[in-house]
Amino acid sequence: MSARFPAALLVAGFAVLSLTPVAPSFMRDLDVLALHAYRPFAWTLREIRERRLANEPTLPGGDDVVRALLATARDRLAERDAALSDGAATLPAKRSFALARVVAVDPRSRQLLIDTGNHVRPSPGDAVLAGNQAVGMVEEVDGPFAVVKTPWTPRARFAAECGSGEPDDPRIRFVTVGEARDEWIAAVSSAEGRLSTARILDVKSANVSDLVPASTGLLPPGFFFGTMEADLKTAKTGLTTYCVRPIFDPRLLDAVVIVHEGPFETIGEADFVSATRDRVPTALLSAWRDGEAVTGAGAGAVPRGAPVVADDVLLGFVDAALAGAAKVRGVTDPDQEHTFLVLGDAASRTIVCTSERRMPHGGAFRYLGGGEPPRAGEIVVTAGRGVHVPRGLLVGQVMRSEGDVFELSRPPERPWRPVDVMRRSVEPRAGFSP
């Protein structure tokens, strides 16, 4: 047997292994190395680009439209932030509060991973609110990142009450206990009085320090948990029990407010950093023809999921990076699920959608759930999901909406221009997640 045969088997074995889910990431992404063969073209394009930019006429209204969209998006985002902070602003002055981006939501543990953006450091036990909603309590902290347990986290206990205190609506204090179910449910236990009602009652946070130990989650009183209703899971047992169901979907939060006793410990480092990268003219020749390819010193260190921005508009996310090259999947490429923040005149809301098709100057998306479907004229930005994705990057403006399908208008792309690849300057430690 010649020496070539075992060598061929070895190469074939590595090729097969690279296609399996157990293969290391550097083996699965070996195709990214092929981008280096096109780097001379990128250098040539760079020279052409510099000359083209120097003599490029101003697009009539193009850049002005982008700037106007960005200014409107920032104003509406500031209004949303103010609404999220309304409840915390009513608390005693000795308490500090800060806005935090929701990085991830674990639907199984019903916990959130949040990021204060390197401005302040949360502390375990800090209350977490969203407007007049009680979201939960900080459980664990890693620098500016924190895990938040909610009243629906299995086995988590929070103090609550229902009733206005009027004679026909007695005030009853109790403790909620998160249930390990497929739905977001918290059982009612240790009720101060006997519950016997067929009405749906609003449940709020309460001061029950005289009834429960300090280890029970004690949030500022008066913030909404959800609604109380009969627990149908126990109906067959002959017992009448009650549960608390959230009146808003915590999975759709884009930001929350952390409330701290006294002043916060400040950190004061940069939130996100970006590096300019050259586009490689190979996207149409590759398997990811609807995406982008970029190269540049240090591009291999860019994490998967990092956003790629050009002219202040989100282009897509890094799909794989290796040895100074990266492939990028466009935000409008089909069959991707996104969590976006829709900024409207009257109200802003978070939605979940999938991208359906790419269009010459935009893309079509299908609304899956969340707030109301987007309406024409509203602005869509990133909701901040993912460690490396800032909140508020411009995706586009709703041009048309029909049923569950909506189309976004996006500024025309200029493929000769460089792009900025962003990443979080600080990451949570390995394994730190909700």
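Laboratory data are not the source of any read-out in this text; all were calculated from the coordinates shown. Keep in mind it's a predicted model, so treat the numbers as computed, not measured. All Cβ positions, even for glycine, are placed from backbone atoms using ideal geometry, and neighbour counts span all protein chains on display.
Couple of notes before you dig in:
- The listed peptides 383-393, 175-185, 353-363, 259-269, ordered by packing as a protection proxy, come out as 383-393, 175-185, 353-363, 259-269 (highest mean of other Cβ atoms within 10 Å first).
- Label-point separation, PHE272 to ALA68 (7 Å along Cα→Cβ), nm: 2.5 nm
- The range 100-159 pair-distance distribution - Cα-Cα, 5 Å bins, rounded %: 4, 21, 32, 27, 12, 4, 0
- Three-way shape call for the range 85-132 based on the alpha-carbon gyration tensor, with the a/c threshold at 1.5: prolate
- Gyration tensor (alpha-carbon) shape descriptor, the range 374-434, a/c threshold 1.5: oblate
- By average C-beta atoms within 10 angstrom, highest first, the peptides 92-104, 241-253: 241-253, 92-104
- Karplus-derived HN-Hα couplings along the range 261-275 (A = 6.51, B = -1.76, C = 1.60, θ = phi - 60°), whole Hz, x at Gly and Pro: 6, x, x, 6, 7, 8, 10, x, 10, 5, 7, 10, 10, 9, 10
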